[in-house]
Each structure stands twice: as C-alpha cells, then as structure tokens.
Amino acid sequence: MVAKRFNLLSDAWIPVRLRDGGDRVIAVADLFDTANPPMRMNWGRADFDAAQQDFLIGVLAVICPPRDQDEWLDQLERPPSPDTIREWLAPHVPAFYLDGDGPLFMQVTEAEVTGRGVRKMAKAKAKAEARGVAEKAAKTEIKRPEMLLFGGPGENTETRNRDLFVKRRAVGMLGRPTAAIALYTLQSYAGSQGAGNRVGWCGGGPVRTYVVPRAADGSPATLFEVLWANVPCGEPAQPGDPAVFPWMGPVADGEGTGNRLDPRQAWFGQPRLIRLTVEPPGDGGAPCDLTGRMDSHRVVGWRQRPRDYEYALRVEPHPLTPHYLPKPDDKATAHYHANSDRIGYQNWLGLVLNEPNGKLAAARVVREYRQERGRIRGDLTPPLLTAVGLNLATGDALGCVESTMPMFMLADAEANDKLEAKAASYIHAAQAVRRLMSSNIASALHRRPKDAKRDGTLMVNAATQFYDRTQAGFFEVMEGLTHRLGDDAEADLTDLVLRWHGMLYDAALSVFDEVVPIRPLTGRQREEGGVQVHAAISARKWLKLALKGHTKLGHELFKYLELPLPRRPEATDEAAQAVTEDVGT
C-alpha cells in the first residue's frame, strides 16, 4: 500500500472557526464556501494564526491574483466557487507536498542537506564520538521537532540548563499539518540564531498589517473577505517556478546568485535549508504532541544545512509589512519590526499612514486600500487594521504582539488629505507630550537625568500608561474629525483640538503624579530628602508650564496642535509657589 502524501493545497489541514461558532479543518478551496463561511484561524497559537493568514494570502497572490482593482472588486462581490479554486490550484499542487519523493515544500533535498556546509557538522560529530559524547554527536545531525517552534528550547538553552519555562522534550513529534505551519512560520519570521542561520525576507520578527473590511451594519468580515482585502494585484506565477518557489530549483549559494529575487518570493522565502524527518507511526496513526490531531505520519526531527540565500542583502518590500524608505546608499530594504510588547495609536503613522517625514511607509496593501480599494468599494464604515508581529531577541521569541485599530478614511480626496494631516499632527503632539512627561519624571527622580536609564522599566511603564490612557480618546477625536470633514472639508475643528489637548494634559499629569508622588514633608524629610522632593515639585511645575504652551518644548506642542501661544507666564517664583500650593506642600 502506497502511503498518502500530505499536500498543503489539496488536503484539509487548516483549523478555522466558522460563522455558526463551530470548528472545522478545511482545505484552501473551502475558504470560498459561502453557506457557513470560515471567520478566523483557530490554531491556538498567535504566531501560527498570523503565519497561516500570510500563507493563504500568498497562495492567492501568486496563483490567482486579481489583475487590476476592478477584477479585485468583482471577485470580492462574486467569489469563485470552491470547485473553480481547486481547478486553479491543481497545476501548483506538485510544489506543495510536505513529504515523499521529489521537491518538498520549503525544504531542500536529502543530497543538499548533506552537501556543502555540512562537512563541519560531520567533523564535529567525529570529535564528539571520539570523546564518547554520543548525545552531542547526535545533535549535529537531527534536531528535535520542538526546535521548529518559536519559544522552544534550543541547544544552547539546554546545554546551560536555562529551559525554565518551556521544557525540553515537551514535543516529541508533530503531525504533518502542525509541522507544515511551524516550518512556514520559521521561514517567514526567522531571526538571527547563530552563524549560518539566515533571516527571513523581512528580517526577524516583522510586523504584518492586515486590512479588515467591515460592512455598513458593523457585521464582521469573513475570513475570505479579510484575505482578499490584502491580496495585491499582479500576475500569476508559473507552476513550479523556482524564482517564486525556491525549493523547486537548486540551492543558491550564500551570496544569492541566480533569479531568486522575484518579488513574489516574499510570500515563500526560504532562508533556512531544512529537511524534515517524517516517519509512519504504525497502525492507526498517532496524535500530534502540540495539537492532539491524529495523523498517519509524524515528523520526528529535522536537519539543517547552514547559509542559504541572504535576503537581507537586497529585497523588495513585503506587501504586508511597513518598511523604512531607503536612502541612496542603502543596500537593502529595512522592514518594520516589533520591538516592544505593545502596538497602539502612537504607531498609527507607518502602519496606517506614511510618516510625513518620509522615513516609514505603510505596507503596500494598506496604501492600496486607502487610496483605491476603499473608495471603489464605497466603504461607509471605516475598515480596521490588525498588526501582528513577533518580538524577537537574537532569534528568541519574547512574545507575540497583536493590535487592532480603526483606519479612518474619506472618499473626497481633499477632505481625506486634511484628515491624514490632522491625524499625523495629533500623534506628533502626543509623542511630544510623552517626551515632556518622561524627561520631567527623570528630572524628579534623579539629580542627573541621564541616570534615569537605570530605571528603564519604570520609564517604559510610564510611557505605556500614558498611551493607554489616551488611546480611546484619540480614536474618539479621529471619529469626530472624520464625520466633520466628511460633511465640510473647511469645518471648524477648534473644539476637537482643545479636547485632544485636554486629554493629553490630564494623562501626562496623572501619570507623573503616580510615578512621582509628592506629599507634605516631615521635619526629618526636610533634613534628609528635601532636595529630592523640591526637585519633584520643580519638575511638575515645568511639565505643567510646557503643557500649557510655555517653554520651547511647549511651543513645539502647540505648533502641532495649531493652537495660539499663550502669553508669557508670571515670574518663576510666583509660578513655583502656585505649583507648591497645588500639590499641598
């Protein structure tokens, strides 16, 4: 009996949540089922859900993309049937087998994984065997399945006994569907993890942004609608084209020669030269250690050959990832990465809009939707934007960052330009207030403000609190702007500006007071700590003056808000006395 091979295009392997609340495992073509459509991914891991979404958008983008925006709208309103999709996918099926003979999805051949670059591994094995360290010798050949996963312990972690939270050998085998999405996640988000380990198309841990359309009645979009909203226009790839599916051709050398820079390879980049070890478990199959799903075969390990193509040398921007605009002497495109555990409205510039200074550009699919698709579709309800990224530190996953925020837009070009300019100014104002608040907190807590670097966590938490307290207000003001400018592009916006300024003012002072509590001094405190308390009082005074538009930094804030500068404050001593009375000292 010939064992059935696993194929990512034709087999049912994608876990989803349906509109009626049920769970189902579907094939790619089942995305187009309209009777009870899938609504979201359901892997149970945020990194897998995001990678699965990337995979499906990539499949549509390279196999059956819309040729122009009119065709995109036609297929959104009248999607092809699942049978039609199966016909379109059929010629590409040979490129998406995970196991068996011939080219395998995102893997190298047996000969390639044991070829150039592995001789060092063989020497290491011989030395280890000579010392009688059999386990170390084995590690040079086969890695355990859990090492495919972000967050799984690596060899150095085990050697140093640092696997405190994610224990070694917790995942002894993976079903082929789980191994497929783990392999795709690693190849797409791969960061630097030692010599010879290449990073993905966008570098380690890129932020992906997805447009999420909404109906006029506010009902959620189906999974197909979300995916199709993010499929860029283009030309379909030829079946088995190694320029798009790199595993279908010979391995490139470490400098990336040949035709491997087709922009469509962004969806299926292969920075790591990996070969999975797949074995049949015997009669009846076996459950995957990660998901519990049964499979007739199991992935028990994998091998890797170092130094594949260096995508960081020169690549086109990924359609789903914001990127920094290159300077004339730049050799590569720098993509936007998740460098914290939070994405909020302060990141709106670069995620939803291009930064006015020209440094950071929103992803291609976001720009296309704002400039064309949203208008030809006639969106009455602003779409949402979901941003997802892995926060990586030298390849180790610190967390998965995810955030959803509204994308405000208007059909009238003049009104929309004004809306975008106001949004940028209001965000710059918030960033200016955050800097004011942080610098005065540093002055209050340290005689030398540069010593505040030692309180990095405190300062980060203060900034997070500030943005958390003003986020809802920002979107309320933006909603008001959208309605008002939609009615009249020359409408008076003064009340909205003052409202936003008041929110920033209140949030900055409340966070300052929590981080730097100022209380009446006792006699002993006046002797021992009076200087520090007076430093806190002085810092609060200057923060309050700047928030009211005084001082050089206050002038910068009011410039962003387009507010008139106030008259000069009273004498410094009188202002200080007023602040002292405010805090009750």
Taking region 311-333 as the region of interest, how many residues are more than 14 Å from the chain's Cα centre (by Cα) and either open to solvent by 20 Å² or more (accessible area, probe 1.4 Å) or at pLDDT 70 or above (or both)? 16
Working only within region 20-37, note down all residues that are in contact with a Lys or Arg (Cβ under 7 Å, 6 or more places away or on another chain) and either over 19 Å from Glu77 (Cα atoms) or part of a strand (DSSP E or B) (or both). Asp23
Any residue in region 292-303 that is closer than 14 Å to Lys4 by Cα sitting within a Cβ distance under 9 Å of a residue that is polar (S, T, N, Q)? List the pairs, counting only those 6 or more apart or interchain. Asp295/Thr178
Looking only at region 20-35, count every residue that is in contact with a helix residue (DSSP H, G or I) (Cβ under 9 Å, 6 or more places away or on another chain) and open to solvent by less than 20 Å² (accessible area, probe 1.4 Å) and tell me the total. 5
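Here's the yes/no breakdown for (1) under 17 Å from Ile85 (Cβ atoms); (2) over 19 Å from the mean Cα position of the chain (by Cα); (3) of a type in the set (Val, Ile, Thr); (4) open to solvent by 30 Å² or more (accessible area, probe 1.4 Å):
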| site | (1), (2), (3), (4) |
| --- | --- |
| Val207 | no, no, yes, no |
| Thr222 | yes, yes, yes, no |
| Gly234 | no, yes, no, no |
| Ala243 | no, yes, no, no |
I'm checking my understanding of the structure. Among residues of region 334-343 that are in a loop (DSSP other than H, G, I, E, B) and open to solvent by less than 80 Å² (accessible area, probe 1.4 Å), which one is modelled with the highest pLDDT? Ile343
Just checking, how many residues over region 550-581 are open to solvent by 50 Å² or more (accessible area, probe 1.4 Å) and modelled with pLDDT under 50? 6
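Residues are listed down the side, and each one gets a yes or a no for (1) among the charged types (D, E, K, R); (2) touching a Leu at 6+ places or on another chain (Cβ under 9 Å):
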{"site": "Leu8", "(1), (2)": "no, yes"}
{"site": "Asp30", "(1), (2)": "yes, no"}
{"site": "Ala35", "(1), (2)": "no, no"}
{"site": "Gln52", "(1), (2)": "no, no"}
{"site": "Asp99", "(1), (2)": "yes, yes"}
{"site": "Pro103", "(1), (2)": "no, no"}
Phe105 is checked against (1) closer than 25 Å to Pro263 by Cα; (2) open to solvent by 50 Å² or more (accessible area, probe 1.4 Å) and fails just one. What number does that condition carry? (2)
So Leu60, is it at pLDDT below 95 and under 28 Å from the mean Cα position of the chain (by Cα): no
Please go through region 270-310 and pick out each residue that is at pLDDT 90 or above and outside any strand (DSSP E or B). Cys288, Asp289, Leu290, Thr291, Gly292, Arg293, Ser296, His297
In this structure, is Asp70 within 27 Å of the chain's Cα centre (by Cα), farther than 20 Å from Pro263 by Cα and in contact (Cβ under 8 Å) with a residue 60 or more places away in the chain? no
Please indicate, with yes or no, whether at least one residue in region 373-382 is open to solvent by less than 10 Å² (accessible area, probe 1.4 Å), modelled with pLDDT of 90 or more, assigned to a helix (DSSP H, G or I) and over 30 Å from Val199 (Cα atoms). yes
Only one residue in Pro91, Pro66 is modelled with pLDDT of 95 or more and open to solvent by 60 Å² or more (accessible area, probe 1.4 Å). Which one? Pro91
Restricting the search to region 172-196, which residues are surrounded by fewer than 23 Cβ atoms within 10 Å (Cβ to Cβ), in contact with a helix residue (DSSP H, G or I) (Cβ under 6 Å, 6 or more places away or on another chain) and either modelled with pLDDT under 85 or assigned to a strand (DSSP E or B) (or both)? none
Can you name every residue in region 267-284 that is touching a residue at least 12 places away in the same chain (Cβ under 8 Å) and at positive phi? none
Given the options Val199, Val244, name the one that is part of a loop (DSSP other than H, G, I, E, B), in contact with a Gly (Cβ under 8 Å, 6 or more places away or on another chain) and hydrophobic (A, V, I, L, M, F, W, C). Val199
Under 26 Å from the mean Cα position of the chain (by Cα) and either touching a residue at least 24 places away in the same chain (Cβ under 8 Å) or under 23 Å from His337 (Cα atoms) (or both): is that true of Met409 in this structure? yes
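The values are calculated or read from the model by the stated rules, or taken from the named source; none is laboratory data. Remember, it's a predicted structure, so these values are computed and weren't measured experimentally. Counting neighbours? That spans all protein chains shown, and the Cβs are built from the backbone with ideal geometry, glycine included. The accessibility values were calculated without ligands, DNA or RNA, using every heavy atom of the protein model including side chains. Shrake-Rupley method; radii C 1.70, N 1.55, O 1.52, S 1.80 Å.
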